[in-house]
Each structure stands twice: as C-alpha cells, then as structure tokens.
1. Which count do you get for residues in the range 21-42 that are touching a Lys or Arg at 6+ places or on another chain (Cβ under 7 Å) and not hydrophobic (A, V, I, L, M, F, W, C)?
2. Pairs needed: first member in the range 33-49, of a type in the set (S, T, N, Q); second member anywhere, surrounded by 12 or more Cβ atoms within 10 Å (Cβ to Cβ); C-beta distance under 6 Å; at least 6 residues apart or different chains.
3. Looking at the range 23-39 only, could you name the residues that are modelled with pLDDT of 90 or more, out of contact with any strand residue (DSSP E or B) (no Cβ under 6 Å at 6 or more places or on another chain) and crowded, with 16+ Cβ neighbours inside 10 Å?
4. Out of the residues in the range 50-78 meeting the condition of being assigned to a loop (DSSP other than H, G, I, E, B) and in contact with a strand residue (DSSP E or B) (Cβ under 7 Å, 6 or more places away or on another chain), tell me which one is modelled with the lowest pLDDT.
5. Which members of the range 13-22 meet the condition of being of a type in the set (Gly, Ala, Ser) and at pLDDT below 90?
Amino acid sequence: MLDLRPNCECCDADIAADSPDAFICTFECTFCRTCKEGVLDHTCPNCGGNLERRAVRPAALLLKYPARKERTPVKPRP
C-alpha cells in the first residue's frame with residue numbers, strides 16, 4: 001500500500017489524511033480541491049488521468065476515532 005502524501009503536489013498545501021478535499025489520480029498523485037478545480041481542470045498533470053476523491057484510509061479513522069477501551073457485550077445466541 002502506498003503512503004498517503006500529506007501535501008498537494010501542485011501548491012504544497014497540507015492535506016489531512018481524512019480530508020474530503022483530497023483527490024488522487026490512478027497513480028495516487030495527490031492534489032487539493034482548489035488545484036483540482038482551478039489550475040489542473042480536473043486532470044492530473046503527471047499522467048493525464050481524472051482526479052477522483054481520495055478514500056479515507058482506516059488508519060486515519062483510527063486516529064480520529066480511537067478504539068474503545070471497554071468491550072461491547074455480545075448477546076448469546078438462543
């Protein structure tokens with residue numbers, strides 16, 4: 001699995017791992033929404049591919065919402 005790039009490759013703006021404003025191309029080049037919709041015109045300058053919303057990786061969600069310390073009781077099956 002490739003590492004998430006923390007900055008836009010166009011303007012070098014910081015992009016959080018769980019940001020909805022992060023976009024990637026098929027080669028996982030990372031761009032912010034401002035560059036995607038403005039300078040880049042929805043196309044990756046490196047490969048020419050379309051820019052799609054970057055999925056939130058599970059590790060980013062674990063940092064934002066850590067696991068609970070108590071276990072959830074499971075009801076026994078009848």
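1. 3
2. Every condition considered, the pairs that remain are Asn46/Cys29.
3. Those that are modelled with pLDDT of 90 or more, out of contact with any strand residue (DSSP E or B) (no Cβ under 6 Å at 6 or more places or on another chain) and crowded, with 16+ Cβ neighbours inside 10 Å: Cys32, Arg33, Cys35.
4. Arg54
5. Ala16, Ala17, Ser19
The values are calculated or read from the model by the stated rules, or taken from the named source; none is laboratory data. All values derive from a computational prediction rather than experimental measurement. Ideal geometry is used to build each Cβ from the backbone, glycine not excepted, and the neighbour counts take in all protein chains shown.
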